[in-house]
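Participant: So that we are looking at the same thing, I have put the structure below in C-alpha coordinates.
The values are calculated or read from the model by the stated rules, or taken from the named source; none is laboratory data. This is a predicted model, so every value here is computed, not measured. Cβ atoms come from the backbone with ideal geometry, glycine included; neighbour counts cover every protein chain shown. Heavy atoms of the whole protein, side chains included, go into the accessibility calculation; ligands, DNA and RNA do not. Shrake-Rupley method; radii C 1.70, N 1.55, O 1.52, S 1.80 Å.
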Amino acid sequence: MSASPGIVYLVGAGPGDPGLMTTRSLELIVAADVIVHDRLIPRDSLAVARPDAELIYVGKEPGAASVPQEGIAELLIEKAREGKLVVRLKGGDPFVFGRGGEEAEALADAEIPFEVVPGVTAGVAAPAYAGIPVTHRDDASAVAFVTGHEDPEKEDSALNYEALARFPGTLVFYMGVKALPKISEALIAAGRDASEPAAVVERGTLPGQRTVSATLEGIAEAAADAGIRPPSVTVVGPVAARRERIAWLERRPLHGKKVVVTRARAQASELSRQLDALGAEPIELPAIRIKPRLDTKEVRDSIESLHTYALVCITSPNGARLLFEAMAAQGRDSRALANASVAAIGAGTEAALAAGGIVADIVPERFVAEELVEELNKLQLEGKPVLIARAAEARELLPDALRKRGAVVDEVALYETVAETPDPEELERARDADFVTFTSSSTVRNYMAANDNGIPKGAKVISIGPITSEAAREAGLTVDLEAERHDISGLVEALLAAAAT
(Lines give C-alpha, C1' and ligand atoms only; values in the text may rest on other atoms or scores of the structure.)
Protein backbone atom coordinates (compact mmCIF):
# COMPACT_ATOMS: atom_id res chain seq x y z
CA MET A 1 0.00 0.00 0.00
CA SER A 2 1.21 3.50 -0.85
CA ALA A 3 2.27 5.74 2.04
CA SER A 4 -0.24 8.34 0.90
CA PRO A 5 -3.52 7.89 -0.95
CA GLY A 6 -3.94 8.80 -4.57
CA ILE A 7 -6.83 10.91 -5.81
CA VAL A 8 -10.14 10.25 -7.54
CA TYR A 9 -11.60 12.55 -10.17
CA LEU A 10 -15.34 12.23 -10.80
CA VAL A 11 -15.40 13.29 -14.44
CA GLY A 12 -18.33 14.07 -16.71
CA ALA A 13 -17.66 12.94 -20.29
CA GLY A 14 -20.59 14.80 -21.83
CA PRO A 15 -23.62 13.51 -23.73
CA GLY A 16 -21.93 11.60 -26.56
CA ASP A 17 -20.40 13.99 -29.08
CA PRO A 18 -16.63 13.80 -28.40
CA GLY A 19 -16.38 17.50 -29.28
CA LEU A 20 -18.37 18.32 -26.14
CA MET A 21 -15.84 16.77 -23.79
CA THR A 22 -14.09 19.40 -21.68
CA THR A 23 -10.38 20.14 -21.92
CA ARG A 24 -10.06 19.15 -18.26
CA SER A 25 -11.67 15.76 -18.83
CA LEU A 26 -9.22 14.94 -21.63
CA GLU A 27 -6.25 16.11 -19.55
CA LEU A 28 -7.24 13.73 -16.77
CA ILE A 29 -7.83 10.78 -19.11
CA VAL A 30 -4.31 11.29 -20.48
CA ALA A 31 -2.84 11.40 -16.96
CA ALA A 32 -4.86 8.61 -15.33
CA ASP A 33 -3.38 5.44 -13.87
CA VAL A 34 -6.86 3.90 -13.63
CA ILE A 35 -10.04 4.76 -15.54
CA VAL A 36 -13.32 3.37 -14.21
CA HIS A 37 -15.88 4.03 -16.93
CA ASP A 38 -19.53 3.64 -17.80
CA ARG A 39 -21.19 2.48 -21.02
CA LEU A 40 -22.55 5.82 -22.23
CA ILE A 41 -19.30 7.70 -22.74
CA PRO A 42 -18.23 9.26 -26.06
CA ARG A 43 -16.79 6.87 -28.61
CA ASP A 44 -12.98 6.88 -28.63
CA SER A 45 -12.87 8.95 -25.43
CA LEU A 46 -10.44 6.38 -24.02
CA ALA A 47 -8.17 6.54 -27.08
CA VAL A 48 -6.00 9.19 -25.42
CA ALA A 49 -5.43 7.08 -22.29
CA ARG A 50 -1.89 5.93 -21.56
CA PRO A 51 -1.06 2.46 -22.94
CA ASP A 52 -0.32 1.26 -19.40
CA ALA A 53 -3.49 2.74 -17.87
CA GLU A 54 -5.86 0.23 -16.26
CA LEU A 55 -9.30 0.46 -17.88
CA ILE A 56 -12.16 -0.96 -15.81
CA TYR A 57 -15.67 -1.18 -17.26
CA VAL A 58 -18.54 -0.89 -14.78
CA GLY A 59 -21.32 0.10 -17.18
CA LYS A 60 -24.88 -1.06 -16.94
CA GLU A 61 -26.01 -3.02 -20.00
CA PRO A 62 -29.76 -3.29 -20.59
CA GLY A 63 -30.99 -6.64 -19.30
CA ALA A 64 -27.56 -7.71 -18.03
CA ALA A 65 -26.00 -7.95 -14.59
CA SER A 66 -24.05 -4.86 -13.59
CA VAL A 67 -21.53 -3.86 -10.96
CA PRO A 68 -23.49 -2.66 -7.87
CA GLN A 69 -23.00 0.96 -6.86
CA GLU A 70 -21.38 -0.07 -3.58
CA GLY A 71 -18.88 -2.15 -5.53
CA ILE A 72 -17.94 0.81 -7.70
CA ALA A 73 -17.32 2.99 -4.67
CA GLU A 74 -15.19 0.28 -3.06
CA LEU A 75 -13.19 -0.07 -6.27
CA LEU A 76 -12.46 3.68 -6.39
CA ILE A 77 -11.33 3.64 -2.76
CA GLU A 78 -9.15 0.56 -3.30
CA LYS A 79 -7.36 2.02 -6.33
CA ALA A 80 -6.85 5.39 -4.64
CA ARG A 81 -5.33 3.70 -1.58
CA GLU A 82 -2.77 2.16 -3.94
CA GLY A 83 -1.61 5.71 -4.63
CA LYS A 84 -3.20 5.82 -8.10
CA LEU A 85 -4.64 8.75 -10.02
CA VAL A 86 -8.16 7.43 -10.65
CA VAL A 87 -10.62 8.83 -13.16
CA ARG A 88 -14.25 7.84 -12.69
CA LEU A 89 -15.58 8.60 -16.15
CA LYS A 90 -19.34 9.04 -16.52
CA GLY A 91 -21.59 10.06 -19.38
CA GLY A 92 -23.07 13.54 -19.10
CA ASP A 93 -22.47 15.27 -15.77
CA PRO A 94 -21.55 13.18 -12.70
CA PHE A 95 -23.92 15.13 -10.46
CA VAL A 96 -26.97 15.02 -12.77
CA PHE A 97 -28.54 11.56 -12.44
CA GLY A 98 -25.02 10.13 -12.49
CA ARG A 99 -24.82 9.00 -8.85
CA GLY A 100 -21.69 11.06 -8.54
CA GLY A 101 -22.93 12.50 -5.27
CA GLU A 102 -23.08 9.02 -3.72
CA GLU A 103 -19.56 8.22 -4.91
CA ALA A 104 -18.27 11.54 -3.58
CA GLU A 105 -19.81 10.79 -0.16
CA ALA A 106 -18.22 7.35 -0.10
CA LEU A 107 -14.83 8.86 -0.91
CA ALA A 108 -15.27 11.54 1.76
CA ASP A 109 -16.18 8.89 4.36
CA ALA A 110 -13.02 6.94 3.42
CA GLU A 111 -10.96 10.16 3.60
CA ILE A 112 -9.89 9.78 -0.05
CA PRO A 113 -9.05 13.07 -1.83
CA PHE A 114 -11.36 13.71 -4.78
CA GLU A 115 -12.38 16.41 -7.23
CA VAL A 116 -15.45 16.83 -9.42
CA VAL A 117 -15.16 17.74 -13.10
CA PRO A 118 -18.59 18.73 -14.45
CA GLY A 119 -19.67 17.66 -17.91
CA VAL A 120 -22.28 18.81 -20.42
CA THR A 121 -25.51 17.10 -19.46
CA ALA A 122 -27.77 15.41 -22.00
CA GLY A 123 -30.84 17.26 -20.70
CA VAL A 124 -29.44 20.49 -22.15
CA ALA A 125 -27.30 19.22 -25.02
CA ALA A 126 -29.71 16.77 -26.68
CA PRO A 127 -32.56 19.30 -26.93
CA ALA A 128 -30.08 21.95 -28.15
CA TYR A 129 -28.90 19.62 -30.94
CA ALA A 130 -32.57 19.06 -31.80
CA GLY A 131 -33.23 22.80 -32.04
CA ILE A 132 -35.03 23.04 -28.69
CA PRO A 133 -33.87 25.64 -26.15
CA VAL A 134 -34.84 24.42 -22.68
CA THR A 135 -35.45 28.04 -21.66
CA HIS A 136 -36.74 30.88 -23.81
CA ARG A 137 -37.71 34.45 -22.95
CA ASP A 138 -41.21 33.98 -24.38
CA ASP A 139 -41.86 30.39 -23.32
CA ALA A 140 -39.99 29.25 -20.22
CA SER A 141 -38.01 30.95 -17.46
CA ALA A 142 -37.41 27.70 -15.58
CA VAL A 143 -36.45 24.13 -16.37
CA ALA A 144 -36.79 20.97 -14.28
CA PHE A 145 -34.68 17.85 -14.81
CA VAL A 146 -36.61 14.72 -13.88
CA THR A 147 -35.66 11.04 -13.80
CA GLY A 148 -37.76 9.02 -16.20
CA HIS A 149 -36.81 5.65 -14.73
CA GLU A 150 -39.39 5.78 -11.97
CA ASP A 151 -42.83 4.27 -12.48
CA PRO A 152 -45.41 7.05 -11.89
CA GLU A 153 -47.82 4.48 -10.37
CA LYS A 154 -45.55 3.18 -7.62
CA GLU A 155 -46.79 4.10 -4.15
CA ASP A 156 -43.54 5.52 -2.76
CA SER A 157 -42.64 7.61 -5.83
CA ALA A 158 -40.26 10.46 -5.14
CA LEU A 159 -41.88 12.43 -7.95
CA ASN A 160 -44.81 14.73 -7.29
CA TYR A 161 -46.71 14.72 -10.58
CA GLU A 162 -49.15 17.35 -9.39
CA ALA A 163 -46.21 19.69 -8.72
CA LEU A 164 -44.65 18.80 -12.09
CA ALA A 165 -47.96 19.45 -13.85
CA ARG A 166 -48.09 22.93 -12.27
CA PHE A 167 -44.39 23.66 -12.92
CA PRO A 168 -44.19 26.94 -14.89
CA GLY A 169 -41.50 25.93 -17.33
CA THR A 170 -39.87 23.11 -19.27
CA LEU A 171 -39.78 19.52 -18.05
CA VAL A 172 -36.88 17.34 -19.22
CA PHE A 173 -37.14 13.61 -18.48
CA TYR A 174 -34.00 11.51 -18.60
CA MET A 175 -34.12 7.91 -19.83
CA GLY A 176 -37.90 7.68 -19.77
CA VAL A 177 -38.76 5.93 -23.05
CA LYS A 178 -40.32 2.80 -21.53
CA ALA A 179 -42.26 4.78 -18.95
CA LEU A 180 -43.32 7.52 -21.38
CA PRO A 181 -46.99 6.39 -21.71
CA LYS A 182 -47.43 6.45 -17.94
CA ILE A 183 -45.48 9.71 -17.54
CA SER A 184 -47.67 11.54 -20.05
CA GLU A 185 -50.85 10.07 -18.57
CA ALA A 186 -49.79 11.06 -15.04
CA LEU A 187 -48.95 14.64 -16.10
CA ILE A 188 -52.26 15.06 -17.94
CA ALA A 189 -54.22 13.52 -15.04
CA ALA A 190 -52.53 15.98 -12.70
CA GLY A 191 -53.58 18.92 -14.86
CA ARG A 192 -50.83 19.46 -17.48
CA ASP A 193 -52.28 20.57 -20.84
CA ALA A 194 -52.66 17.50 -23.09
CA SER A 195 -52.05 19.65 -26.18
CA GLU A 196 -48.74 21.05 -24.90
CA PRO A 197 -45.80 20.51 -27.31
CA ALA A 198 -43.42 17.65 -26.51
CA ALA A 199 -40.44 15.96 -28.15
CA VAL A 200 -38.27 12.89 -27.62
CA VAL A 201 -34.61 13.05 -28.66
CA GLU A 202 -32.87 9.70 -29.25
CA ARG A 203 -29.05 9.39 -29.16
CA GLY A 204 -28.71 13.12 -28.56
CA THR A 205 -25.60 14.85 -30.03
CA LEU A 206 -24.57 11.68 -31.92
CA PRO A 207 -24.60 11.26 -35.72
CA GLY A 208 -27.64 8.96 -35.53
CA GLN A 209 -29.70 11.42 -33.47
CA ARG A 210 -33.46 11.30 -34.15
CA THR A 211 -36.21 13.54 -32.83
CA VAL A 212 -39.95 12.88 -32.67
CA SER A 213 -42.38 15.73 -31.96
CA ALA A 214 -46.03 15.58 -30.89
CA THR A 215 -48.39 16.84 -28.21
CA LEU A 216 -47.98 15.61 -24.65
CA GLU A 217 -51.02 13.40 -25.22
CA GLY A 218 -49.60 11.87 -28.40
CA ILE A 219 -45.86 11.77 -27.72
CA ALA A 220 -45.74 8.21 -26.33
CA GLU A 221 -47.51 6.79 -29.38
CA ALA A 222 -45.37 8.86 -31.77
CA ALA A 223 -42.18 7.64 -30.09
CA ALA A 224 -43.36 4.01 -30.22
CA ASP A 225 -44.33 4.31 -33.90
CA ALA A 226 -40.86 5.70 -34.69
CA GLY A 227 -39.13 2.93 -32.76
CA ILE A 228 -37.39 5.36 -30.40
CA ARG A 229 -35.04 3.58 -28.00
CA PRO A 230 -32.74 4.53 -25.12
CA PRO A 231 -30.71 6.60 -24.57
CA SER A 232 -33.30 9.34 -25.02
CA VAL A 233 -34.57 12.45 -23.29
CA THR A 234 -38.10 13.82 -23.39
CA VAL A 235 -38.90 17.54 -23.41
CA VAL A 236 -42.33 18.81 -22.38
CA GLY A 237 -43.27 22.47 -22.74
CA PRO A 238 -43.86 25.25 -25.27
CA VAL A 239 -40.14 25.38 -26.12
CA ALA A 240 -40.51 22.04 -27.92
CA ALA A 241 -42.42 23.83 -30.69
CA ARG A 242 -39.37 26.04 -31.39
CA ARG A 243 -37.79 23.06 -33.12
CA GLU A 244 -39.84 23.67 -36.26
CA ARG A 245 -37.96 26.91 -36.80
CA ILE A 246 -34.47 26.36 -35.38
CA ALA A 247 -33.70 22.65 -35.85
CA TRP A 248 -30.21 22.56 -37.33
CA LEU A 249 -28.57 19.16 -36.91
CA GLU A 250 -30.78 17.31 -39.39
CA ARG A 251 -30.20 20.04 -41.96
CA ARG A 252 -26.55 19.16 -42.37
CA PRO A 253 -26.21 17.54 -45.81
CA LEU A 254 -24.87 14.16 -44.65
CA HIS A 255 -26.92 13.87 -41.46
CA GLY A 256 -27.51 10.26 -40.49
CA LYS A 257 -25.28 8.84 -43.23
CA LYS A 258 -22.65 6.26 -42.35
CA VAL A 259 -19.48 6.62 -44.40
CA VAL A 260 -16.65 4.06 -44.43
CA VAL A 261 -13.19 5.65 -44.60
CA THR A 262 -10.57 3.22 -45.92
CA ARG A 263 -7.48 5.42 -46.15
CA ALA A 264 -4.52 4.89 -43.83
CA ARG A 265 -5.22 5.69 -40.19
CA ALA A 266 -2.68 8.52 -40.09
CA GLN A 267 -4.56 10.34 -42.87
CA ALA A 268 -8.10 9.18 -42.06
CA SER A 269 -8.72 11.81 -39.40
CA GLU A 270 -8.70 14.68 -41.91
CA LEU A 271 -11.46 13.09 -43.98
CA SER A 272 -13.34 11.97 -40.87
CA ARG A 273 -13.34 15.53 -39.51
CA GLN A 274 -14.84 16.87 -42.72
CA LEU A 275 -17.49 14.16 -42.77
CA ASP A 276 -18.36 14.74 -39.12
CA ALA A 277 -18.81 18.48 -39.75
CA LEU A 278 -21.26 17.63 -42.54
CA GLY A 279 -23.33 15.42 -40.23
CA ALA A 280 -22.07 11.99 -41.30
CA GLU A 281 -20.95 9.18 -39.03
CA PRO A 282 -17.46 8.29 -40.27
CA ILE A 283 -16.43 4.65 -39.77
CA GLU A 284 -12.68 4.28 -39.99
CA LEU A 285 -11.73 0.96 -41.57
CA PRO A 286 -8.21 1.67 -42.77
CA ALA A 287 -7.36 -0.84 -45.49
CA ILE A 288 -3.70 0.19 -45.60
CA ARG A 289 -0.93 1.35 -43.33
CA ILE A 290 1.97 3.54 -44.39
CA LYS A 291 5.30 1.85 -43.60
CA PRO A 292 8.26 4.27 -43.96
CA ARG A 293 11.42 3.02 -45.66
CA LEU A 294 13.77 5.83 -44.70
CA ASP A 295 16.61 3.75 -43.27
CA THR A 296 17.86 2.41 -46.60
CA LYS A 297 21.00 3.14 -48.64
CA GLU A 298 18.76 4.13 -51.55
CA VAL A 299 17.09 6.88 -49.51
CA ARG A 300 20.34 8.10 -47.92
CA ASP A 301 22.06 8.33 -51.31
CA SER A 302 19.12 10.22 -52.82
CA ILE A 303 19.07 12.77 -49.99
CA GLU A 304 22.83 13.32 -50.26
CA SER A 305 22.38 13.98 -54.00
CA LEU A 306 19.31 16.24 -53.81
CA HIS A 307 21.28 19.31 -54.87
CA THR A 308 22.25 17.60 -58.15
CA TYR A 309 18.73 17.05 -59.51
CA ALA A 310 17.11 19.34 -62.05
CA LEU A 311 13.64 18.03 -61.27
CA VAL A 312 12.17 16.35 -58.20
CA CYS A 313 8.72 14.76 -58.50
CA ILE A 314 6.63 14.08 -55.37
CA THR A 315 3.55 11.94 -55.97
CA SER A 316 1.68 12.02 -52.63
CA PRO A 317 1.38 13.87 -49.29
CA ASN A 318 3.01 10.85 -47.61
CA GLY A 319 5.94 11.15 -49.98
CA ALA A 320 6.33 14.86 -49.20
CA ARG A 321 6.19 14.31 -45.45
CA LEU A 322 8.67 11.45 -45.49
CA LEU A 323 11.02 13.29 -47.83
CA PHE A 324 11.29 16.08 -45.28
CA GLU A 325 11.85 13.51 -42.51
CA ALA A 326 14.66 11.89 -44.49
CA MET A 327 16.21 15.30 -45.17
CA ALA A 328 16.05 16.26 -41.51
CA ALA A 329 17.70 12.98 -40.50
CA GLN A 330 20.73 14.02 -42.55
CA GLY A 331 20.77 17.59 -41.31
CA ARG A 332 19.22 19.06 -44.45
CA ASP A 333 16.29 21.39 -44.96
CA SER A 334 14.40 22.90 -47.90
CA ARG A 335 17.56 24.60 -49.19
CA ALA A 336 18.69 21.19 -50.47
CA LEU A 337 16.05 21.54 -53.21
CA ALA A 338 17.20 24.99 -54.31
CA ASN A 339 18.60 23.77 -57.64
CA ALA A 340 15.58 21.72 -58.66
CA SER A 341 12.17 22.35 -60.08
CA VAL A 342 9.62 20.59 -57.86
CA ALA A 343 6.57 18.85 -59.30
CA ALA A 344 3.66 17.60 -57.19
CA ILE A 345 0.63 15.44 -57.91
CA GLY A 346 -2.40 16.78 -56.05
CA ALA A 347 -3.37 19.67 -53.83
CA GLY A 348 -2.62 17.57 -50.74
CA THR A 349 0.94 16.97 -51.91
CA GLU A 350 1.29 20.65 -52.77
CA ALA A 351 0.10 21.60 -49.26
CA ALA A 352 2.46 19.09 -47.60
CA LEU A 353 5.39 20.57 -49.52
CA ALA A 354 4.35 24.10 -48.56
CA ALA A 355 4.27 23.03 -44.90
CA GLY A 356 7.95 22.16 -45.26
CA GLY A 357 8.82 25.44 -46.93
CA ILE A 358 8.71 24.34 -50.58
CA VAL A 359 6.45 25.95 -53.18
CA ALA A 360 5.76 23.43 -55.93
CA ASP A 361 6.66 24.70 -59.40
CA ILE A 362 4.43 22.29 -61.28
CA VAL A 363 1.01 21.01 -60.12
CA PRO A 364 -1.25 19.55 -62.83
CA GLU A 365 -4.92 20.51 -62.85
CA ARG A 366 -5.94 16.85 -62.72
CA PHE A 367 -4.23 15.00 -59.92
CA VAL A 368 -2.99 11.91 -61.79
CA ALA A 369 0.42 10.88 -63.12
CA GLU A 370 -0.82 11.07 -66.72
CA GLU A 371 -1.57 14.76 -66.30
CA LEU A 372 1.84 15.42 -64.71
CA VAL A 373 3.50 13.76 -67.69
CA GLU A 374 1.66 16.21 -69.96
CA GLU A 375 2.84 19.16 -67.86
CA LEU A 376 6.45 17.93 -67.86
CA ASN A 377 6.42 17.67 -71.64
CA LYS A 378 6.84 21.46 -71.60
CA LEU A 379 10.26 21.13 -69.94
CA GLN A 380 13.59 20.34 -71.60
CA LEU A 381 14.63 17.15 -69.83
CA GLU A 382 17.10 15.58 -72.28
CA GLY A 383 20.06 14.38 -70.21
CA LYS A 384 18.74 16.04 -67.04
CA PRO A 385 18.84 14.21 -63.67
CA VAL A 386 15.35 13.61 -62.24
CA LEU A 387 14.32 12.15 -58.88
CA ILE A 388 10.89 10.58 -58.31
CA ALA A 389 10.08 10.16 -54.60
CA ARG A 390 7.12 7.85 -54.15
CA ALA A 391 5.69 4.58 -52.80
CA ALA A 392 7.44 1.29 -53.42
CA GLU A 393 4.46 -0.11 -55.34
CA ALA A 394 3.73 2.97 -57.48
CA ARG A 395 2.98 2.65 -61.18
CA GLU A 396 5.83 2.90 -63.69
CA LEU A 397 4.01 5.35 -65.95
CA LEU A 398 5.83 8.48 -64.76
CA PRO A 399 9.43 7.17 -64.73
CA ASP A 400 8.93 5.39 -68.06
CA ALA A 401 7.57 8.53 -69.70
CA LEU A 402 10.45 10.66 -68.41
CA ARG A 403 13.06 8.15 -69.58
CA LYS A 404 11.49 8.24 -73.05
CA ARG A 405 12.07 11.99 -72.96
CA GLY A 406 15.77 11.37 -72.35
CA ALA A 407 15.82 12.18 -68.64
CA VAL A 408 18.17 10.35 -66.31
CA VAL A 409 15.65 9.07 -63.77
CA ASP A 410 16.29 7.89 -60.21
CA GLU A 411 13.41 6.41 -58.24
CA VAL A 412 13.39 6.32 -54.46
CA ALA A 413 10.80 4.41 -52.45
CA LEU A 414 10.16 6.40 -49.28
CA TYR A 415 7.41 4.10 -48.05
CA GLU A 416 5.26 1.14 -48.84
CA THR A 417 1.59 0.56 -48.24
CA VAL A 418 0.82 -2.62 -46.33
CA ALA A 419 -2.51 -4.24 -45.58
CA GLU A 420 -4.18 -3.25 -42.33
CA THR A 421 -6.28 -5.70 -40.33
CA PRO A 422 -9.73 -4.18 -39.79
CA ASP A 423 -11.14 -3.72 -36.29
CA PRO A 424 -14.00 -6.25 -35.78
CA GLU A 425 -16.08 -3.64 -33.93
CA GLU A 426 -15.69 -1.17 -36.81
CA LEU A 427 -16.54 -3.91 -39.31
CA GLU A 428 -19.78 -4.51 -37.42
CA ARG A 429 -20.59 -0.79 -37.49
CA ALA A 430 -19.97 -0.76 -41.24
CA ARG A 431 -22.53 -3.47 -41.99
CA ASP A 432 -25.24 -0.90 -42.70
CA ALA A 433 -23.03 1.85 -44.13
CA ASP A 434 -24.46 4.15 -46.79
CA PHE A 435 -21.16 4.90 -48.55
CA VAL A 436 -17.70 3.36 -48.88
CA THR A 437 -14.89 5.68 -49.95
CA PHE A 438 -11.66 4.63 -51.65
CA THR A 439 -8.65 6.91 -51.95
CA SER A 440 -6.20 4.66 -53.81
CA SER A 441 -6.04 1.37 -55.67
CA SER A 442 -4.31 -0.22 -52.66
CA THR A 443 -7.23 0.70 -50.38
CA VAL A 444 -9.55 -1.13 -52.81
CA ARG A 445 -7.43 -4.27 -53.01
CA ASN A 446 -6.73 -4.51 -49.30
CA TYR A 447 -10.29 -3.68 -48.24
CA MET A 448 -11.71 -6.40 -50.46
CA ALA A 449 -9.08 -8.90 -49.28
CA ALA A 450 -9.87 -8.20 -45.61
CA ASN A 451 -13.67 -8.19 -45.89
CA ASP A 452 -15.37 -11.44 -46.77
CA ASN A 453 -18.70 -9.63 -47.08
CA GLY A 454 -17.34 -7.01 -49.47
CA ILE A 455 -19.29 -3.78 -49.78
CA PRO A 456 -22.29 -3.44 -47.41
CA LYS A 457 -25.59 -4.14 -49.14
CA GLY A 458 -27.02 -0.97 -50.66
CA ALA A 459 -23.87 1.10 -50.01
CA LYS A 460 -22.58 3.37 -52.76
CA VAL A 461 -18.92 3.33 -53.75
CA ILE A 462 -17.20 6.71 -54.06
CA SER A 463 -13.75 6.84 -55.68
CA ILE A 464 -11.14 9.58 -55.50
CA GLY A 465 -10.02 9.21 -59.13
CA PRO A 466 -9.69 7.15 -62.30
CA ILE A 467 -6.88 4.84 -61.16
CA THR A 468 -8.79 3.99 -57.98
CA SER A 469 -11.99 3.50 -59.99
CA GLU A 470 -10.19 1.12 -62.35
CA ALA A 471 -8.99 -0.95 -59.39
CA ALA A 472 -12.53 -1.01 -57.96
CA ARG A 473 -14.01 -2.25 -61.21
CA GLU A 474 -11.29 -4.91 -61.49
CA ALA A 475 -12.38 -6.04 -58.00
CA GLY A 476 -15.94 -6.43 -59.27
CA LEU A 477 -17.33 -3.25 -57.72
CA THR A 478 -19.64 -0.69 -59.25
CA VAL A 479 -18.28 2.82 -58.83
CA ASP A 480 -21.29 5.05 -58.19
CA LEU A 481 -19.40 8.32 -58.36
CA GLU A 482 -15.83 9.45 -59.04
CA ALA A 483 -14.45 12.70 -57.68
CA GLU A 484 -13.89 15.36 -60.33
CA ARG A 485 -10.98 16.72 -58.28
CA HIS A 486 -8.79 13.84 -57.23
CA ASP A 487 -8.17 14.91 -53.64
CA ILE A 488 -10.00 14.76 -50.31
CA SER A 489 -12.02 17.90 -50.99
CA GLY A 490 -13.09 16.44 -54.33
CA LEU A 491 -14.03 13.17 -52.65
CA VAL A 492 -16.21 15.03 -50.15
CA GLU A 493 -17.87 16.96 -52.98
CA ALA A 494 -18.64 13.65 -54.70
CA LEU A 495 -20.15 12.31 -51.48
CA LEU A 496 -22.37 15.36 -51.18
CA ALA A 497 -23.51 14.94 -54.79
CA ALA A 498 -24.26 11.25 -54.25
CA ALA A 499 -26.19 11.96 -51.04
CA ALA A 500 -28.30 14.57 -52.81
CA THR A 501 -29.55 12.13 -55.45
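Participant: Tally time: how many residues in region 302-323 are closer than 15 Å to ALA391 by Cα and either assigned to a helix (DSSP H, G or I) or open to solvent by 30 Å² or more (accessible area, probe 1.4 Å) (or both)?
Facilitator: Residues meeting the conditions: 9.
Here is a yes/no grid of residues against (1) open to solvent by 30 Å² or more (accessible area, probe 1.4 Å); (2) of a type in the set (Lys, Arg):
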position: ALA186; (1), (2): no, no
position: ARG210; (1), (2): yes, yes
position: ALA240; (1), (2): no, no
position: GLU244; (1), (2): yes, no
position: PRO253; (1), (2): yes, no
position: ILE283; (1), (2): no, no
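Participant: Can you pull out the residues in region 467-492 that are under 18 Å from ALA344 (Cα atoms) and either crowded, with 21+ Cβ neighbours inside 10 Å or in contact with a strand residue (DSSP E or B) (Cβ under 7 Å, 6 or more places away or on another chain) (or both)?
Facilitator: Those that are under 18 Å from ALA344 (Cα atoms) and either crowded, with 21+ Cβ neighbours inside 10 Å or in contact with a strand residue (DSSP E or B) (Cβ under 7 Å, 6 or more places away or on another chain) (or both): HIS486, ASP487, ILE488.
Participant: Also, I was wondering about something else. Name the one entry in THR135, THR121, THR215, THR170 that is of a type in the set (Ser, Thr, Tyr) and surrounded by fewer than 15 Cβ atoms within 10 Å (Cβ to Cβ).
Facilitator: Numbers: THR121 fails: surrounded by fewer than 15 Cβ atoms within 10 Å (Cβ to Cβ); THR215 fails: surrounded by fewer than 15 Cβ atoms within 10 Å (Cβ to Cβ); THR170 fails: surrounded by fewer than 15 Cβ atoms within 10 Å (Cβ to Cβ).
THR135 is the lone residue from the list that is of a type in the set (Ser, Thr, Tyr) and surrounded by fewer than 15 Cβ atoms within 10 Å (Cβ to Cβ).
Participant: Quick check on ASP93: is it open to solvent by less than 70 Å² (accessible area, probe 1.4 Å), among the acidic types (Asp, Glu) and in contact with a Ser or Thr (Cβ under 8 Å, 6 or more places away or on another chain)?
Facilitator: yes
Participant: Give, as residue ranges, the helices (runs of 4 or more DSSP H) completely inside region 368-478 that count at least 2 residues that are touching a Phe, Trp or Tyr at 6+ places or on another chain (Cβ under 9 Å) and not aliphatic (A, V, I, L, M).
Facilitator: It comes to 466-474.
Participant: Say we look at region 422-443 and pick out the residues that are hydroxyl-bearing (Ser, Thr, Tyr) and under 19 Å from the mean Cα position of the chain (by Cα); which of these is most open to solvent (accessible area, probe 1.4 Å)?
Facilitator: That would be THR439.
Participant: For region 231-271, enumerate the residues that are of a type in the set (D, E, K, R) and out of contact with any Leu (no Cβ under 9 Å at 6 or more places or on another chain).
Facilitator: Across region 231-271, the qualifying residues are ARG242, ARG243, GLU244, ARG245, GLU250, ARG251, LYS258, ARG265, GLU270.
Participant: Looking only at region 219-240, count every residue that is assigned to a loop (DSSP other than H, G, I, E, B), touching a residue at least 12 places away in the same chain (Cβ under 8 Å) and not hydrophobic (A, V, I, L, M, F, W, C) and tell me the total.
Facilitator: Summing the residues that are assigned to a loop (DSSP other than H, G, I, E, B), touching a residue at least 12 places away in the same chain (Cβ under 8 Å) and not hydrophobic (A, V, I, L, M, F, W, C) in region 219-240 gives 4.
Participant: Okay, moving on. If you go through region 51-58 one residue at a time, do you hit one that is out of contact with any strand residue (DSSP E or B) (no Cβ under 9 Å at 6 or more places or on another chain), open to solvent by 60 Å² or more (accessible area, probe 1.4 Å) and not basic (Lys, Arg)?
Facilitator: Scanning region 51-58, I find at least one residue that is out of contact with any strand residue (DSSP E or B) (no Cβ under 9 Å at 6 or more places or on another chain), open to solvent by 60 Å² or more (accessible area, probe 1.4 Å) and not basic (Lys, Arg), so the answer is yes.
Participant: OK, next. Give me the pairs: first residue in region 335-355 and at positive phi, second residue open to solvent by 30 Å² or more (accessible area, probe 1.4 Å) and part of a helix (DSSP H, G or I), beta-carbon distance under 8 Å, and six or more apart or on different chains, which are they?
Facilitator: Partner pairs satisfying both residue conditions: GLY346/PRO317.
Participant: Next up: Is it the case that some residue within region 413-427 is touching a Lys or Arg at 6+ places or on another chain (Cβ under 8 Å), at pLDDT below 90 and farther than 18 Å from ALA449 by Cα?
Facilitator: Scanning region 413-427 turns up no residue that is touching a Lys or Arg at 6+ places or on another chain (Cβ under 8 Å), at pLDDT below 90 and farther than 18 Å from ALA449 by Cα.
Participant: Return yes when VAL134 is among the β-branched types (Val, Ile, Thr), assigned to a loop (DSSP other than H, G, I, E, B) and closer than 23 Å to GLU202 by Cα and no when it is not.
Facilitator: Yes: the conditions hold for VAL134.
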